[in-house]
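See below for the structure under consideration.
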Amino acid sequence: MDGKTILLVEDNADDEALTFRALMKNNISNQLVVARDGAEALDYLFATGQYSGRDTSIGPQVVLLDLNLPKVSGLEVLRQLRANERTKLLPVVILTSSTEEQDRLQGYDYGANSYVRKPVDFNHFIEAVRQLGLYWLILNEQPPARR
Amino acid sequence: MELANVRLEREIKERKRAEEEIQRTNRELSATNKELEAFSYSVSHDLRTPLRSIDGFSQALLEDYADKLDATAKGHLQRVRRAAQRMAALIDDMLNLSRVTRCELHREKLDLSAMAKLIAAELQEAEPSRHVEFVIESGLTAVGDPQLLHAAMENLFRNSWKYTSGHPTARIEFGSSVEKEKHSFLVRDDGAGFDPRYADRLFGAFQRLHTAKEFPGTGIGLATVQRIIHRHGGEVWAEGAVEKGATFYFTL
């Protein structure tokens, strides 16, 4: 599992801390990169702005994407990521508070691989992170790197 | 001839005015609905987030400082957690209730007997240890929105399932009868029932006639059923007695 990065796009500091805690509780020790708004997420993914010069061959193994973000929304991040040749196959899990139908529809429409609602109960959250980790980091086969 | 024309003109003017009135009301309704949608959207996203923090960091305290907290302190934190989780459940229920009001009604011919059988099977499958006899009248059909009516029936069945859980065996019926000179459907159980003196509180949102210790729940089920039935232009009412079961009637 080591050496595979998880990109967490999350603006809420509490949720960031709790997600980190849940990953630790599940012994998921992958490197966690946190982007605190949509613009930062795009900078990381495309190696621009504060991340220019980043080695983009080290793509994240999976992107955990919140929808409500400042500057650039989660859906817009998703749209741009899917529109770019290099990043369009990245597994993206929308991890958000809402199950409003329009969010789910748009999420899947824009090409999310999965849509998971963040539970309030922290024990359930730990379990959700456990399942996500097991699936996206171990069971799921990564798309091959383009030559 | 002139008089007839004048009268016709007046009629036409009045009709035009009435039409404009209707169009204006429709625009207002549409605007209100959009506001409701935006409100629900905001509730969905924004209210749950701090609850997650409250629950999560209480749990963190319980785990990381377990040796520094005595039993009372741990008890306090557990209450905090339970309250946050309960609030989350209430928010979910409120959202579901508002969704029922907002969504569009699609009318189809529905086999209610088949729906009832499906729901009964699901309940039994979820708790195979319970001994419940389902008596479902066959051939009962109605015209209505399949999703909403399924939700209404499920709520009623779940209630009967819940309030008969105190007895070793139970009987839940789904049938029809003629009540108040109308053809109506009914869901009947022989469980805990309710005190008919408080019948008018049954359908109030979050109003309960039992404590959470006796039977879990937020008290939104019947309010949801009522809203769904009313949207179909029907009525819903209940009869019951303490420990003598309850019967819920509805028309469509």
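The values are calculated or read from the model by the stated rules, or taken from the named source; none is laboratory data. The shown structure was predicted, so the numbers you read here are calculated from the model rather than taken from an experiment. In this analysis, Cβ positions are derived from the backbone assuming ideal geometry, glycine residues included, and neighbour counts consider all displayed protein chains.
Exactly one residue out of A:Asp11, A:Asp55, A:Asp2, A:Asp43 is among the acidic types (Asp, Glu), more than 23 Å from B:Ser42 (Cβ to Cβ), outside any strand (DSSP E or B) and modelled with pLDDT of 90 or more: that is A:Asp43.
Confirm whether B:Lys13 is farther than 24 Å from A:Asn12 by Cα, within 14 Å of another protein chain (Cβ to nearest Cβ) and without any contact (Cβ under 8 Å) to a residue 12 or more places away in the chain. No; evaluated as a whole, the condition is false for this residue. Show the residue pairs that are 6+ apart or on different chains and have beta-carbon atoms under 8 Å apart, the first residue being within the range A:45-69 and over 26 Å from A:Arg104 (Cα atoms), the second being among the small types (Gly, Ala, Ser) and surrounded by fewer than 13 Cβ atoms within 10 Å (Cβ to Cβ). Going by the 8 Å Cβ cut-off, the qualifying pairs are A:Ala47/A:Gly53; A:Ser57/A:Ala145. Restricted to the range A:117-147, and to residues there that are more than 14 Å from chain B (Cβ to nearest Cβ) and of a type in the set (D, E, K, R), the residue that is nearest to A:Lys88 (Cα to Cα) is A:Arg146. Among the criteria (1) free of Cβ contacts under 8 Å to residues at least 12 places away in the same chain; (2) more than 28 Å from B:Gly56 (Cβ to Cβ); (3) assigned to a helix (DSSP H, G or I); (4) more than 14 Å from chain B (Cβ to nearest Cβ), the one A:Leu105 does not fulfil is (4). Are any of the residues in the range B:16-26 of a type in the set (Ser, Thr, Tyr) and away from chain A (no Cβ under 14 Å)? Checking the range B:16-26: at least one residue is of a type in the set (Ser, Thr, Tyr) and away from chain A (no Cβ under 14 Å).
Scan the range B:6-38 for residues that are closer than 21 Å to A:Ser73 by Cβ and in contact with a helix residue (DSSP H, G or I) (Cβ under 8 Å, 6 or more places away or on another chain) and the total you get is 1. The requirement of being without any contact (Cβ under 8 Å) to a residue 24 or more places away in the chain and within 14 Å of chain A (Cβ to nearest Cβ) is satisfied by B:Ser53. Screening B:Lys213 with (1) over 29 Å from B:Val143 (Cα atoms); (2) in contact with a helix residue (DSSP H, G or I) (Cβ under 7 Å, 6 or more places away or on another chain); (3) without any contact (Cβ under 8 Å) to a residue 24 or more places away in the chain gives one miss only, at (2).
Results for (1) surrounded by 12 or more Cβ atoms within 10 Å (Cβ to Cβ); (2) out of contact with any strand residue (DSSP E or B) (no Cβ under 9 Å at 6 or more places or on another chain); (3) within 13 Å of another protein chain (Cβ to nearest Cβ), shown as yes or no for each residue.
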{"residue": "B:Ala84", "(1), (2), (3)": "yes, yes, yes"}
{"residue": "B:Ala88", "(1), (2), (3)": "yes, yes, yes"}
{"residue": "B:Thr101", "(1), (2), (3)": "yes, yes, no"}
{"residue": "B:Leu112", "(1), (2), (3)": "yes, no, no"}
{"residue": "B:Glu127", "(1), (2), (3)": "no, yes, no"}
{"residue": "B:Asp145", "(1), (2), (3)": "yes, no, no"}
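Taking the criterion of being in contact with a strand residue (DSSP E or B) (Cβ under 8 Å, 6 or more places away or on another chain) and not in a helix (DSSP H, G or I), the residues of the range B:150-176 that qualify are B:Thr164, B:Pro168, B:Thr169, B:Ala170, B:Arg171, B:Ile172, B:Glu173, B:Phe174, B:Gly175, B:Ser176. Once the range A:63-102 is narrowed to residues that are loosely packed, with under 15 Cβ neighbours inside 10 Å and away from chain B (no Cβ under 14 Å), the residue that is farthest from A:Asp11 (Cα to Cα) is A:Glu85. All conditions but one from (1) more than 8 Å from chain A (Cβ to nearest Cβ); (2) under 23 Å from B:Gly219 (Cβ atoms); (3) buried (at least 17 other Cβ atoms within 10 Å of the Cβ) apply to B:Leu62; the one that does not is (2).
Taking every residue in the range A:118-138 that is touching a residue at least 12 places away in the same chain (Cβ under 8 Å) and pairing it with any residue that is surrounded by fewer than 17 Cβ atoms within 10 Å (Cβ to Cβ) and part of a helix (DSSP H, G or I), at least 6 positions away or on another chain, the pairs with Cβ-Cβ distances below 6 Å are A:Ile126/A:Lys25. Of everything listed in (1) closer than 30 Å to B:Glu104 by Cα; (2) in a loop (DSSP other than H, G, I, E, B), the single unmet condition for B:Gln226 is (2).
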